[in-house]
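To start, the structure under review is shown below, and the notes come after it.
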């Protein structure tokens, strides 16, 4: 049996977390890699008071980190950030869910196995009381289409 994964929930140093990720990858410790990755993303929402805004900041960072790692170059979701500044987090999430086709970000989160907890659609379901029923329904439908939810109930 291998060494237990460390508790990284109180580590807020980005460089240390990236070091944990690199070492975990080198030693084939996906559990440690995932823990360090999630904590790295949590830093982004740390000082935001609104829980939904804080979680979406984490989502944005997770997707940017995953895209950057995949390409080997820094990737930023500039258009999404511009929209956030224009219309706010709730409208941005609603618009993403209501699009007739999934966003590239959603498809990447599916590919990376992170859509169940880190997609706009997942956030809409978590905070469904803050969205109109049509938006919640669209989010459920999209997640069900990608077999992330059992049914679009």
Being closer than 18 Å to residue 50 by Cβ and out of contact with any helix residue (DSSP H, G or I) (no Cβ under 8 Å at 6 or more places or on another chain): is that true of residue 88 here?
yes
Scan of the stretch 99-122 for residues that are assigned to a loop (DSSP other than H, G, I, E, B) and surrounded by 18 or more Cβ atoms within 10 Å (Cβ to Cβ), ordered by number
102, 103, 114, 119
Do you know which of the residues in the stretch 137-147 that are surrounded by 19 or more Cβ atoms within 10 Å (Cβ to Cβ) and touching a residue at least 24 places away in the same chain (Cβ under 8 Å) is farthest from the chain's Cα centre (by Cα)?
138
Please go through the stretch 18-37 and give me each residue that is surrounded by 13 or more Cβ atoms within 10 Å (Cβ to Cβ) and either more than 30 Å from residue 125 (Cβ to Cβ) or without any contact (Cβ under 8 Å) to a residue 24 or more places away in the chain (or both), ordered by number.
18, 20, 21, 23, 24, 25, 29, 33, 34
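Yes/no matrix, rows are residues, columns are (1) surrounded by 16 or more Cβ atoms within 10 Å (Cβ to Cβ); (2) in contact with a helix residue (DSSP H, G or I) (Cβ under 6 Å, 6 or more places away or on another chain); (3) part of a loop (DSSP other than H, G, I, E, B):
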residue	(1), (2), (3)
48	no, yes, yes
66	yes, no, no
70	no, no, no
74	no, yes, yes
97	yes, yes, no
124	yes, yes, no
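We did not get these values from a lab; they are worked out from the coordinates using the rules stated. Model, not experiment: these values are computed from the prediction. Glycine also receives a Cβ, built like all others from the backbone with ideal geometry; neighbour counts cover every protein chain displayed.
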